[in-house]
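Asker: The structure's right below; bear with me while I get my questions together.
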Amino acid sequence: MFVKNVTRKRLLASSSKICSSFFSRSRGLMFSSKIKDKAYVLAFPEEERVDLHMFFVFFPIDVLFVDKRKKVVEIKKGFQPFTTYSARKKARYVIELPEGAAGNSRIGDRIEFFDVSESESGKKVRVSEI
């Protein structure tokens with residue numbers, strides 16, 4: 001699944017892992033090798049203030065907090081290993097990206113999650129969105 005900042009017309013990740021269960025959200029990037037052009041999307045059942053930790057994550061990341069309308073409400077760049085962070089705003093999605101991948105993303109930007117597939121006519125079409 002692609003993750004795109006529609007406002008800035010910038011692809012944030014060409015692949016992603018959707019973490020929608022309590023266990024997968026809790027584990028997140030723990031014990032993972034460095035992510036490259038991949039996003040971890042923590043999807044919550046409803047908007048909430050999210051507390052994150054970087055225990056057993058050995059590399060810094062950028063984090064976008066996105067509300068139910070898919071608007072960025074908070075950004076944490078350079079989130080360091082073995083630290084914690086408590087979001088000030090409620091989010092429905094938390095997008096964990098390689099450090100620097102958040103780039104010029106700003107509060108209020110619209111984020112889109114989608115897959116692309118080829119139709120029978122050979123055209124590429126969006127096939128799903130979370």
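The values are calculated or read from the model by the stated rules, or taken from the named source; none is laboratory data. Note that the structure is predicted; figures quoted are calculated from it, not measured. Every residue, glycine among them, receives a Cβ derived from its backbone with ideal geometry; neighbour counts consider all protein chains shown.
Asker: Do the conditions hold for residue 20, that is, is it surrounded by fewer than 17 Cβ atoms within 10 Å (Cβ to Cβ), without any contact (Cβ under 8 Å) to a residue 60 or more places away in the chain and out of contact with any Pro (no Cβ under 9 Å at 6 or more places or on another chain)?
Answerer: On the way: surrounded by fewer than 17 Cβ atoms within 10 Å (Cβ to Cβ): yes; without any contact (Cβ under 8 Å) to a residue 60 or more places away in the chain: yes; out of contact with any Pro (no Cβ under 9 Å at 6 or more places or on another chain): no.
So residue 20 fails the test.
Asker: Using the structure shown, decide if residue 9 is closer than 22 Å to residue 109 by Cβ and either in contact with a Ser or Thr (Cβ under 9 Å, 6 or more places away or on another chain) or surrounded by 14 or more Cβ atoms within 10 Å (Cβ to Cβ) (or both).
Answerer: Details: closer than 22 Å to residue 109 by Cβ: yes; either in contact with a Ser or Thr (Cβ under 9 Å, 6 or more places away or on another chain) or surrounded by 14 or more Cβ atoms within 10 Å (Cβ to Cβ) (or both): no.
Spelling it out, it is not the case that residue 9 is closer than 22 Å to residue 109 by Cβ and either in contact with a Ser or Thr (Cβ under 9 Å, 6 or more places away or on another chain) or surrounded by 14 or more Cβ atoms within 10 Å (Cβ to Cβ) (or both).
Asker: Restricting the search to the range 31-51, which residues are of a type in the set (Phe, Trp, Tyr), under 15 Å from the mean Cα position of the chain (by Cα) and modelled with pLDDT under 95? Break it down into steps so the answer makes sense when it comes.
Answerer: So the first thing to find is which residues in the range 31-51 are of a type in the set (Phe, Trp, Tyr), and the list is 31, 40, 44.
Pick out the ones that are also under 15 Å from the mean Cα position of the chain (by Cα) and you get 40, 44.
Result: 40, single match.
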